[in-house]
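Structure first, then comments.
The values are calculated or read from the model by the stated rules, or taken from the named source; none is laboratory data. For clarity, every value in this text was computed on a predicted model and none was experimentally measured. With ideal geometry, Cβ positions are generated from the backbone for all residues, glycine too; neighbour counts draw on all protein chains shown. Surface accessibility is based on the protein's heavy atoms, side chains included, excluding ligands, DNA and RNA. Shrake-Rupley method; radii C 1.70, N 1.55, O 1.52, S 1.80 Å.
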Amino acid sequence: MGSKPYRNKLFPPVEELVSYTASSFPKRLVKPFFFTVGFTGCAFGSAAIWQYESLKSKVQSYFGDVHADWMDKFRPQKQGNLRKQVNKWWNSLSEGQRTVTGIIAANIFVFCLWKIPAMQRIMSTYFTSTPACRIICAPLLLSSFSHFSAWHLALNMYVLWTFSSSSVSFWGQEQFMAVYLSAGVFSSFVSYVSKMVTGRFDPSLGASGAIMTVLAAVCTKMPEVQLAIVFLPMFTFTAGNALKAVIAMDTAGLVLGWRLFDHAAHLGGALFGVQEYRPWTGAKPSKPIKTKQGFIIPEDHFVQETSYRADFKI
C-alpha cells in the first residue's frame, strides 16, 4: 500500500494507492501502450473518412442550397426571439469555436458528475488516470474530460477557446478532433510512464495535456504571434518564447518533483503538438531529368464538356 494520501484541491481524495515494483513496470504499461497506439490510429482513420464524407456532402448539396434558398421565400418564418438570438450567436462563431463548443460542454457535464456524491467511486475509477488502479485503459481518454476544481475547468476551457480558431483553421475540424483526442490519450500515457518510473501514483485528471498539444502546435506554426496572460494583459510576449517557458517550467517541475500539476502529461502534450507541425528541412529539390518528348494529343481531340456538373466529377 502507498504512503499517506496526498491532498490537492485540483484532484479528488484517494484513500489508497497500490505501489508496484520495478519488475512489474513493463507489464503494467503493455495494455496502455497498445490502447494509445490503437486509439490514435483509429482517431486519424476516422477523421480521414469523416473529412471525405464531409467534402462529398458539400459537393452534393451545392445545387440543393440554391433550391432551398428559393423555397425559403415561400416558407413561413420561424417564430421565437430566443431561438433567433441563439442562431445569430451560433452563426457569429468561427468554425473553431463551434468545434470546441461540444468539447467544453462535455467537460462541464463531467464536472457536474463529480458533484454527485453517489458518483464519486465511479468517477475516481474511470475519470482519473493512474497506473495504480485496476482500470488503466479507459481513464487514458476519459480523464482528459474530467475536472475536479471549478477554476481548473474554467482556465483550461478558456485557453482551449482562445486557440480554437487558429488551430482549426490550419488543421480542419476533422483533423483537429483526431489530434485533440489522441493528444489526451498520449499525454496520459506519458504520465503513466513517469509515475511508474518515479513511484508516485497520484491520480491525474484534466484537459491540460490535450490543450498543451493545441498550444504547442499553434506556437510552433506561428512563433511570432504576440500573446498575453489573461490576468496581466499589459505584458506581451511571442508565442515561441511562451512555449519555451512552459516547457522549461514543466521540465523543472518533473525533475524537482512538484505535485501541483501533472508536469509529465504537459510535456507529453507539448511534444505531441510540436511533432504535428515540426518543420521539415531535410527535403532537397530534385535534379531535372532529361527525357524524350512524347506524343502530344492535339487539343481538338479532347471532349469539351460544357455541363454545369462537369466541375464536380473529380
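Side notes on the structure shown:
- Residue-normalised accessible area of the stretch 139-181, expressed per residue, 1.4 Å probe, Å²: 33 Å²
- Of all accessible heavy-atom area on the stretch 123-248, the percent that carbon and sulfur account for (1.4 Å): 69 percent
- Here the stretch 246-277 and the stretch 78-133 have alpha carbon centers that stand 26 Å from each other.
- Sorted on the mean count of surrounding Cβ atoms within 10 Å across their residues, most packed first, peptides 190-198, 106-114 read 190-198, 106-114.
- Rg over Rh for the stretch 88-139 works out to 1.18, both radii taken from alpha-carbon positions and Rh defined as the Kirkwood radius.
- Each 5 Å bin from zero holds the following percent of Cα-Cα pairs in the stretch 158-285: 2, 11, 19, 22, 19, 14, 8, 4, 1, 0, 0.
- Note on Ile103: accessible area approximately 10 square angstrom, rounded to 10, probe 1.4 Å, nucleic acids and ligands left out.
- The eigenvalues of the Cα gyration tensor, multiplied by 5 and square-rooted, give the stretch 133-224 an equivalent ellipsoid with semi-axes of 25, 14, 13 Å from largest to smallest.
- For the peptides 29-40, 217-228, residues were scored by their other Cβ atoms within 10 Å and the scores averaged per peptide; the highest-first order is 217-228, 29-40.
- You can think of it this way: the chain between Ser61 and Thr101 has 11.9 nm of extra reach, that is 0.36 nm per residue less the Cα-Cα gap.
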